[in-house]
Structure formats: C-alpha cells, structure tokens
Amino acid sequence: MLGLFGAPRRTAYTGYQHEDAQSWFEGVLSNHVTMAVGGSILFLSAAILVFIVVQLTWFAPEAEHANQEIFPVAVSDSGGTPRILENWKVWIGIALVLIAIAYTVPIMDMIQHAPPGSKGFQTW
Amino acid sequence: MTAVSIPNPERKLALTNVGIAYIAFIIGTLCGLLQVFIRNDALQLPAWLDYYQILTAHGVLLALIFTTFFIFGFFQSGMSKTLGAFGPKVVLWNWVGLIITTIGTVLATVMIVIGEASVLYTFYAPMMANGFFYIGLALFVIGTWVQSFALVGHYRVWRKANPGEQSPLFAFMTVATIVLWVIACLGVVATVLFQFIPWAFGWQEGINVELSRSLFWYFGHPLVYFWLLPAYIAWYVIVPKLIGGKVFSDSLARLAFILFILFSIPVGFHHQLTEPGIASFWKFLQTVLTFMVIVPSLMTAFSLFAVFETRGRELGGKGLFGWFTKLPWKDVRFTSIFVAMLFFIPGGAGGIINASFQMNEVIHNTLWVVGHFHITVGTPVAMTFFGVTFWLVPYLTKRVFTKSLQRLAFPADHHLVDRHASHEYSPACAWIIRGAPPYRLYGLPA
C-alpha cells in the first residue's frame, strides 16, 4: 500500500521532509509501525516453523511401519494424454524460436550501439 | 508397493538439501526482521553492518538459496518415489552438484557478510561487488545444473526401460521445470562469465550496463517460474491426494507446464519498461508474450478448484458452496497450501498490473513491487513449501508428525499469512479510496 502512495523501495531510511512524502506514512494501515509489527509476527512464525523442522529431523518419535508418513502422489489418468506433450525436442525447439524472435534484434542493437562501458561503483 | 520409504542414499541427499534450505531460511528471515525495524527508525545498526548488506542477504538467502535447495530436495525425493531408486551414478552426480552449489552459496554469502557485495540480489551494474561474489553465483548455477542433469539422466534411464510409456506426472513436471531452469540460466551465466567477472577483476575496463540488465532479466523472469513450478507440482499432484481426490486432467496439467516453458522466458523486458535503450516495439512484443502466461495460470486455478469441488461433493457437500466446508481444513498440509493458492489471486492480479505498459509507470520502483514479490514468491511459493515440509521431512526421517507439532504448525502458518498480507501491500482499491495521487520518488526532496 505504501507503494501506491509512492514510497520508494529498497531504501534504508524514510526520513523525508517534504509534506507530500510525510503524508505517505500517516494513518493506521500505511505506516512503518504496522510494518514492524508484521515483520515481528512473521519472524516469530518462521522461528516456530524452523523449530518444527528441527523436531521432525531429530526429536519426533520414530515411525512404525503402520504410521509411516507417505509421499502423497495422486492418481493421474494419462490414458488420453497426447504423445506429443512429452516430445521435448518439439517444445524446446519452439521455446528457442520464441526467444530468438523476442531477443535477437534488441540484443544486437545493445551490442552494436553500446555506449562507452561504465566503471564500477561501490555505493555502500 | 513394498517399501513406503525411498532408499537411503536419496533420503540423505534430499535431507541435506532441505536442511541447507532451512538454515538459509532462518538467517534470511532474521535479516527481514532487522529491516522493518531499521525502516522504522527503531533500530540503529552498528557501523560495521549496513542496511543494504542485510537487504542483500535477505533477498539472496530467501529468494535464491532457500527456494533452490528446497526445490532440489523435493525433486530428488519425488523422482526416486515415482521413477524408482537412483542408480549409483545419479546419486554421485547429485552429490557433486549439491557440493558445488553449496560452495557457491557459501562464497557469495561470505562476500555479502564481509560487506564486499551489498549489491542486492539483482546485482545491477554498474554497482560492483567483489569478483568472488560473482564466482560464487556462477558456481551456484553450475551446481544446480549438475543436479539437474543427474535428475534428467535418471529420467532418461526410465524412458529407455519403459519405451512408449508416458512418464509419471511428477517426473514430467520435474523435467519441465529443469528444462525451464537450464534455458533461463544461459542468460545469467553469459552476463556473469563474460561481463561481470572480467569487469570486477579489472581485466576489462567498463561494462555494458543495458546488456547486463537485459541478460539478467532474460534469466530473472523465468527464475520466478522456477520457484513457482515446484509449488504447482505440489498443487497438481500432491494436494489432490491429500484431500482424497484425483488429478483433474493429466493432459491439461502437462500442457500447462509446457506453456509455462514457452511463455516465461522471452518476456524479460517487462521488467525494463522504463529503461531507455530498448525500442518500444520489442518491449511491446515481450509484454504480449508476458500476458500469454495468464492462460496456463488460469488453467491451473480452474482445474484445482474443480478437484476441490468434485471431492467436496463426493464427501456429501450440498448446494452451491456446501462442498467447501467438506475439505480437510484441519490438515495443516492442505490448509497451508490452500491459503497459499488464495494469495496467488491478488499476486497474479498485481503481476498483470506490473506488466501493463502504462500502469507500470505508476508502480515502478515503489514499495508496491516489493509487496508483489512478497505475495507471489513470499506467500504462495514459500507457504506451499512449508505445507510440503510438514510431510516431506517426517517422510525422509521416518518420524511422526505428532498431534502437538501439528497444533503448533497452525499458528505458524496463520501468522505468516496475516502479516505477509498487510506487509507493504494492499489491493489497488486502497489507492482509489484514499484518492492519493501516485507520487514517485523523482522530484521529491529526499
């Protein structure tokens, strides 16, 4: 939602002084407090999830044959499935043709009309 | 079917992948937590730690490392389950690939941690990281290729042993995802090997920025489908089984995956709509191809809900929506994936907005994009992977997902959902209701 009001992404600080910019962060739903609350709950959930994974890896009771977890694969009737769907040469070929159509000319343009190369910047 | 479990070599392989995925996951989410507090001015980082360093770590570890390792763990167990035990060569090459991937990951992560590569996970030129960061990235991709080719090798062995037969749906979808991944990576490999590495080590004076970005997005867009397709495998193949139903249509599912291969790669320019240096015609052409992706997406959505409704009615659901109440809501493996699917509805709609020529102007480079990313990859994909985790890990470790752990899983899930929703994003109507003009960063005093 902040984005719709124009808040930029990927910025470390949001201490803009202009009143237009300040107005982005007013209200209950669109300020950085809710974002922080959300982030905290999110992290708590992630921690619980990782706790469950650790439990399941090392500590949960070992399964007997009867209550062993299965790999759930649903039945799929492939009787009527056309053969051509598994002919990879056809599909990879079409994919490459589409890529060639969409990219060849603009990429050639970029290489042929390239501006002088840029040096590297370290912005942090 | 005698053995429930897959053989030990595959179990170890898959568990290692899933384990590394979750290590990356917890570090990545911790970085996310720090970020919201920094933005809120509630937290001041020590001088040796930078916001963009944490942001890079968050993006790389969650979007790239967690997803990729988890996906390969899922593929390895599923391929062994549906096509039979791996031969010794397949096991060996999977390990080789896994080790190369891990070395690349560690190298890139170290570079980020020591502050040599705060270039965000899109590593746009002309920001320049330490050359070893790019080498780490290259090793990561090569490692995934080795694992990919090992899995394709296993599939070819099966095809030879079963001439003229259709492969199991899981295996077909895995191969489709791998095909997509290998073709997509060509772009990032090209730019990293021929542009970034020579430039970062000083062998080459300058870099062609526009070309590097275009090659990146040639890879960057199908990359999101590389995350999404494994989630779709779970939706198409696993979920029907969890609710006691069948796959809606085998050929529809296969066709959808093929359409994703065709229409997810030649579309990278829709990430570059505001960039000069690309003629409008090519942007337009790629935008049209982008919108073709809506077709397999809707095919997926409708066929999945058809499975739900069919099964709900079998269980005695009455009336127009009675079937809805019959679904196994108490099964966290199902519920977490169902919620993931719901999030894909606004996620997909937001994506259509982003890819539209004019509307892109409104949201370009704003927090909206971050929101879009979080409710596509962050919620549907990650939540699906969590739903898979709940049975895949005990399946691999031969342990029991106990009742108490199941109860614990529910709040974990629900909180993830609740907060991801309001995190940075809400439906477009908010803009209309508030009547706020879409200010952009440009022209405002910072």
Report yes if some residue within region B:323-334 is modelled with pLDDT of 90 or more, within 19 Å of A:Leu49 (Cα to Cα), in a helix (DSSP H, G or I) and within 17 Å of the chain's Cα centre (by Cα); otherwise report no. no
Considering region B:1-20 alone, what residues qualify as being in contact (Cβ under 8 Å) with a residue 60 or more places away in the chain and assigned to a helix (DSSP H, G or I)? B:Pro9, B:Glu10, B:Arg11, B:Leu13, B:Ala14, B:Leu15, B:Thr16, B:Asn17, B:Val18, B:Ile20
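What residue, among those in region B:365-407 that are over 28 Å from A:Phe59 (Cβ atoms) and more than 9 Å from chain A (Cβ to nearest Cβ), is surrounded by the fewest Cβ atoms within 10 Å (Cβ to Cβ)?
B:Val377
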Given (1) within 9 Å of chain A (Cβ to nearest Cβ); (2) buried (at least 19 other Cβ atoms within 10 Å of the Cβ), B:Leu223 misses just (1)
Would you check if there is a residue in region B:280-289 being surrounded by 22 or more Cβ atoms within 10 Å (Cβ to Cβ), in a loop (DSSP other than H, G, I, E, B) and of a type outside the set (Ser, Thr, Tyr)? no
Unique match (being part of a loop (DSSP other than H, G, I, E, B) and at pLDDT 90 or above) among B:Phe86, B:Phe70: B:Phe86
Test for B:Tyr22: is it within 11 Å of chain A (Cβ to nearest Cβ) and surrounded by 18 or more Cβ atoms within 10 Å (Cβ to Cβ): yes
Residue under evaluation B:Phe37, criteria (1) of a type outside the set (Gly, Ala, Ser); (2) farther than 21 Å from B:Ala117 by Cβ; (3) surrounded by 18 or more Cβ atoms within 10 Å (Cβ to Cβ), criterion not met: (3)
When region B:300-341 is examined, which residues are found to be touching a Gly at 6+ places or on another chain (Cβ under 9 Å), loosely packed, with under 15 Cβ neighbours inside 10 Å and of a type outside the set (Phe, Trp, Tyr)? B:Arg313, B:Glu314, B:Gly316, B:Gly322, B:Thr325
Would you check if there is a residue in region A:102-115 being more than 7 Å from chain B (Cβ to nearest Cβ), free of Cβ contacts under 8 Å to residues at least 40 places away in the same chain and closer than 30 Å to B:Ala24 by Cβ? no
Scanning for something touching a Gly at 6+ places or on another chain (Cβ under 9 Å) and over 18 Å from B:Gly78 (Cα atoms), does region B:380-396 turn up at least one residue? yes
For region B:193-216, how many residues are free of Cβ contacts under 8 Å to residues at least 60 places away in the same chain, closer than 25 Å to B:Leu180 by Cα and surrounded by fewer than 23 Cβ atoms within 10 Å (Cβ to Cβ)? 3
Residues being surrounded by 20 or more Cβ atoms within 10 Å (Cβ to Cβ) and in a helix (DSSP H, G or I): count how many of those fall in region B:243-264. 11
With A:Asp20, A:Asp77 as the choices, which residue is of a type in the set (D, E, K, R), modelled with pLDDT of 85 or more and either in a loop (DSSP other than H, G, I, E, B) or surrounded by 15 or more Cβ atoms within 10 Å (Cβ to Cβ) (or both)? A:Asp77
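The values are calculated or read from the model by the stated rules, or taken from the named source; none is laboratory data. Nothing here was measured: the structure is a model prediction, and the numbers come from that model. Cβ atoms come from the backbone with ideal geometry, glycine included; neighbour counts cover every protein chain shown.
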